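Right, one structure below, let's go through it.
The values are calculated or read from the model by the stated rules, or taken from the named source; none is laboratory data. What you see is a predicted model; the values in this text were computed from it and never measured. Ideal geometry is used to build each Cβ from the backbone, glycine not excepted, and the neighbour counts take in all protein chains shown. Calculation scope for accessible area: heavy atoms of the full protein, side chains included, ligands and nucleic acids excluded. Shrake-Rupley method; radii C 1.70, N 1.55, O 1.52, S 1.80 Å.
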Amino acid sequence: MENYCSTYNINPGTLPAHVAIIMDGNGRWATSRGLSRSSGHVEGVNTVRRITEESSRLGIKYLTLYTFSTENWNRPADEVDALMHLISIAIERETPDLIKNNVRLTMIGDIERLPEEPRRRLEGCFAATAHCTGLTLCLAISYSARWEITRAARILARKAAEGSLDPESINDDVFASSLTTAGIPDPDLLIRTGGDSRVSNYLLWQIAYSELIFTDTFWPDFSPEEYRNIIRTYQTRERRFGLTSDQIK
């Protein structure tokens, strides 16, 4: 792992522990080639495999991928159906390789909204990879940050109403423990492909101090080489967390 990083002039000591990615541009990649949008999503799955494998080789601990937002449920029904079918197939197909590469699969989002088949296959993969101790691959499916924050507020309000939680004891840590990402460190690096420079209701609480990098590359064309270039760029940045440069030094 350390030798792999040094091969590409990446400092293993300052790797982002958690990388979050907004995988944008599948549909536009396809339409620019005269293909159906679904073809772009199929090609996007291949990129997921490549970037997951690269993250594992580099020694990154957590990779969270914005797979399907709550807003995506409003897309045309045939596209939503195709995406759900693709998720089902991809999960079952990739599970053996995840186990072989010691990758644990998990998810954030409203799993109850998923159709029965992808939900069943997801839960099967969670169980099959639960013993893996390498990279944690977290899929954000049926997810939005506002949904998550509202859900956390509701959980805490219910506890306060029941008398099991003192409202005055609620701080950042208590609130974070009620988010779907509880137990996962905040992302050090957020990458968005596809040319747009916005975070689109993704991990709004968790990316408060993340480094943000946007690329024009459509997700199906996002390569391990570009990924490594972005990580090298990340490693040149000074992360101050509200302090001054002198304090950091």
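Brief remarks on what is shown
- Gyration tensor verdict on the range 94-249 (Cα atoms; rounded if a/c is under 1.5, prolate if a/b is larger than b/c, oblate otherwise): oblate
- The magnitude of the dipole of the chain, with charges of +1 and -1 set on the Cβ of Lys/Arg and Asp/Glu and taken from the Cα centre, is near 200 debye.
- The length gained by stretching the chain between residue 17 and residue 244 to full extension, at 0.36 nm per residue less their Cα-Cα distance, is 79.4 nm.
- For residue 142, the amide hydrogen comes within under 5 Å of the amide hydrogens of 68, 69, counting only partners 5 or more places away or on other chains and with H modelled in the peptide plane.
- In order along the range 217-224, the Karplus-derived 3J(HN,Hα) couplings, from 6.51 cos²θ - 1.76 cosθ + 1.60 at θ = phi - 60°, round to 5, 5, 3, x, 9, 6, 9, x Hz, and Gly and Pro are given as x.
- Of the peptides 205-216, 232-243, the ranking by mean beta-carbon count within 10 Å, highest at the top, reads 205-216, 232-243.
- Ordering 16, 233, 199 by the projection of their Cα atoms onto the charge dipole of the chain, which places +1 on the Cβ of Lys and Arg and -1 on the Cβ of Asp and Glu, puts 233 at the extreme positive end.
- Mean-position separation - Cα centroids, the range 211-249 and the range 164-206, in angstrom: 19
- FRET efficiency for residue 97 and residue 204, using Cβ-Cβ distance with R0 set to 25 Å, rounded to 0.05: 0.20
- Only Lys, Arg (+1) and Asp, Glu (-1) charged, at Cβ; the range 122-222 dipole about Cα centre in debye: 360
- Excluding ligands, DNA and RNA, the accessible surface per residue across the range 101-187 is 52 Å² with a 1.4 Å probe.
- Within the accessible area of the chain (1.4 Å probe), percent carbon and sulfur: 49
- Vicinal HN-Hα couplings computed from phi for the range 67-80 (Karplus, 6.51 cos²θ - 1.76 cosθ + 1.60; Hz; Gly/Pro x): 8, 7, 8, 4, 5, 5, 4, 8, 6, x, 4, 5, 5, 4
- Label zone of residue 161 (point 7 Å out along Cα→Cβ, amide N under 12 Å): in the range 172-208 this covers no residue at all.
- 3J(HN,Hα) couplings calculated from phi for the range 8-18 with the Karplus curve 6.51 cos²θ - 1.76 cosθ + 1.60 (θ = phi - 60°) are, in sequence order, 10, 6, 10, 7, x, x, 10, 5, x, 6, 9 Hz; Gly and Pro show x.
- Per residue, the chain reaches -14000 deg cm²/dmol at 222 nm when only DSSP H runs of four or more residues are counted, each adding -39500 (n - 2.57).
- Interchain or long-range residues, amide H under 5 Å from residue 202's placed H: 145
- Gyration tensor (alpha-carbon) shape descriptor, the range 150-213, a/c threshold 1.5: prolate
- Global geometry of the range 41-137, whether rounded, prolate or oblate, following the gyration tensor of its Cα atoms and the 1.5 cut on a/c: prolate
- 20 Å cut-off, amide nitrogen to a point 7 angstrom out along residue 57 Cα→Cβ, residues in the range 1-37: 1-21
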